[in-house]
Amino acid sequence: MEVPLVMTIIGKDRTGLVESVADIVAGHGGNWLESRMCRLGGEFAGILRILVPAGRQPELMLALKALEARGLSVIVRADESSATAAAGKFVLLELVGHDRPGIVREITRVLAGQGVNVEELSSECVSAPMSGEPLFKARVRLQLPTGCDSAALRTELENIAANLMVDISLAELDPKQR
């Protein structure tokens with residue numbers, strides 16, 4: 001029997017960091033299923049999902065704990081998502097506008113108020129092509145709960161976008177893109 005696990009890792013960015021985690025996972029019979037990892041500032045952070053033989057889980061946990069001595073923090077949790085199927089539809093929210101504090105707070109307040117789950121969020125600040133002013137860009141994959149009024153959500157997001165002076169687009173995702 002295999003046990004699904006979700007792990008988060010964070011530490012000072014350096015060469016070989018991902019390899020050290022991959023080596024431990026593979027060395028304990030684990031299978032690396034999916035991950036999202038990146039460097040932000042001088043830190044490297046990631047989240048990954050693995051399968052490991054149930055009998056090997058305790059020794060895997062000890063080996064991962066040993067990475068702390070090398071400056072890498074690892075948190076491991078049981079992945080209970082495989083037992084529940086996703087309900088509702090998925091949409092992609094894209095946002096761009098002049099950077100200012102509070103954009104993420106205001107948008108996520110609307111989403112939470114409608115019971116919408118943020119599945120994935122990536123954002124960055126870039127220089128505007130002509131002026132060089134900082135632009136905030138975000139790409140957010142959302143799961144709308146069954147019965148969510150998509151039109152009402154869109155209207156509420158558009159009102160917030162007007163107040164924030166950002167442009168948004170909201171598009172339903174094809175089931176293959178989920």
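Brief remarks on what is shown
- For ARG100, the criteria (1) over 18 Å from SER122 (Cβ atoms); (2) outside the structural domain of GLU156 (by TED's automatic domain parsing) hold in every case but one, which is (2).
Yes/no per residue for (1) modelled with pLDDT under 95; (2) in the same structural domain as ILE24 (by TED's automatic domain parsing); (3) aliphatic (A, V, I, L, M); (4) in a helix (DSSP H, G or I):
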position: GLU68; (1), (2), (3), (4): yes, yes, no, yes
position: LEU111; (1), (2), (3), (4): no, no, yes, yes
position: SER123; (1), (2), (3), (4): no, no, no, no
position: ARG139; (1), (2), (3), (4): no, no, no, no
position: ALA151; (1), (2), (3), (4): yes, no, yes, yes
position: ASN163; (1), (2), (3), (4): yes, no, no, yes
position: ALA171; (1), (2), (3), (4): yes, no, yes, no
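- If the condition is being more than 17 Å from the chain's Cα centre (by Cα), closer than 30 Å to CYS125 by Cα and surrounded by fewer than 15 Cβ atoms within 10 Å (Cβ to Cβ), then the range 19-40 contributes only GLU19.
- Qualifying positions in the range 76-134 - among the aliphatic types (A, V, I, L, M) and in contact with a helix residue (DSSP H, G or I) (Cβ under 9 Å, 6 or more places away or on another chain): VAL76, VAL91, LEU92, LEU93, LEU95, ILE103, ILE107, VAL110, LEU111, VAL116, VAL118, LEU121
- Residue in the range 132-152 that is of a type in the set (A, V, I, L, M, F, W, C) and in contact with a Ser or Thr (Cβ under 6 Å, 6 or more places away or on another chain) present: yes
The values are calculated or read from the model by the stated rules, or taken from the named source; none is laboratory data. Treat the numbers as computed from the prediction; the structure is a model and nothing was measured. All Cβ positions, even for glycine, are placed from backbone atoms using ideal geometry, and neighbour counts span all protein chains on display.
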